[in-house]
Structures are given as structure tokens and as C-alpha cells.
Amino acid sequence: MTQPATAPPARRHDKPGAGPEGVQRSWPWAAGIIGAGIPAGLLWWLLAPGGMNFLSGNAALASGTNSAGWLPRDLVLAGLFVFAGSLVAVLLSGRKDGGTRRLLVVSVAAGGAGAVLAWQTGVLAGLWLGQPEDTSANASVAFSLRSHTVLLLWPAAVAAGYFALRVISLLGKSRDPATEQGAGQGS
């Protein structure tokens, strides 16, 4: 005789109208990723040509009128975004609940918002702390971003880094323990 199937327990929330507990725990995570855009933007202004130019130290690239500094300025921000996205992917894969698709989507979206915040923070730092520039010839003379596709690198690095770490993790788990024991005995 078969037993009747039991229904899963109903979800209960402490607050009326509150979402699931996992959604409530993902907001601090997303806020931390987005908030990381502020120091990333300040770091961009400190390191890049046209800002404080600490990375190259080349006085010729310090002014925004030198168009040779525009590409390195964008590349500094691109490097910061790839680093930040990779860091988020590593931290996400290390979480106990990091395997959820929802948290991955939240992380990618927060990475995009953090990238926009970093860009605007750097531009604002250039306006407030930088030297006044005559932008009548070209808007890129002021501390700015010429290639807006750089903004996609932070969320793309989160997604690609998480994917790579998951594949490596799954490949490590897929090894046959019997094959490893046989190989260990033969040595």
C-alpha cells in the first residue's frame, strides 16, 4: 500500500509582505558590490592619465589635451573592472549559497550598477579635484570615459569568472575515486 505524498511545508515570513529569506540576505551583498564602485572610481582618477596619473607618472600624459592619454585612461578603468568582477566571482563561488542563479544574477546586475557608479565617481573627482580643462575642442579633454563599452567589463567578469570557477569545481568533482585509488597504489 502506498502512502499519500506529503505537501512541502508552507513558507512563513516574519513580516507580512516580506520576500523569501534568501532575497533579504542578497541585498547587503548587492549593496556591497555597488558600493565598491565609489573606491574604484576614486582609484581610477588617482591612477589614470588625465587624473592624478600615479600609474604612469608621465608628465606628458597628465593633461587631457594629449590624446595619447585617452586610451590608457580607459584601460586603467577596464583593468579595475576586470579585477573587481573577478574578485566578486571568487567571493560568490566561495559562499555557501553561491550556487544559486538568483544570487549570480544579483551579482551581475550589481556589478553593472557598480561600474556606472565608479565611472561617475571618477568623472566627479575629475571635476572637483582636477585642473579645469577647455573642452571646446573635444569633450574627452576633461577626465572622462571615451569607450562606454568598458562599463560592461565588471558584470562580464563576474559572469565569466563564476562560470570558469564552477567548471573547474565540477571537473574536480567528476574524477572517479576508484581510478585515483588504483593510480595511488601503483606508485
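I need the phi-derived Karplus couplings for region 52-61: 6.51 cos²θ - 1.76 cosθ + 1.60, θ = phi - 60°, integer Hz, Gly and Pro marked x.
Rounded to whole hertz, the list is 7, 6, 6, 6, 8, x, 6, 5, 5, 8.
Using the Cα centre as the reference, give the magnitude of the dipole from point charges on the C-beta atoms of region 23-171 (Lys, Arg: +1; Asp, Glu: -1; all else neutral), rounded to the nearest 20 debye.
700
Nearest 0.05, what FRET efficiency do Asp97 and Thr149 give at R0 = 41 Å with Cβ-Cβ as r?
The formula returns an efficiency of 0.85 here.
Kirkwood Rh over alpha-carbon pairs of region 23-171, then Stokes-Einstein at 20 °C and 1.002 mPa s: what D in µm² s⁻¹, rounded to an integer?
134
Just grab the label-to-label distance for Val167 and Leu127, each label 7 Å out from Cα along the Cβ direction, in nm (one decimal).
Placing both labels 7 Å beyond Cα along the Cβ direction yields 4.2 nm.
What is the packing order of peptides 65-74, 150-159, taking the mean over residues of other C-beta atoms within 10 Å and listing the highest first?
150-159, 65-74
Throughout, read-outs are computed from the coordinates displayed, never taken from laboratory work. None of these values were measured; they are calculated from a predicted model. As a convention, Cβ positions derive from the backbone with ideal geometry for all residues, glycine included, and neighbour counts pool all protein chains shown.
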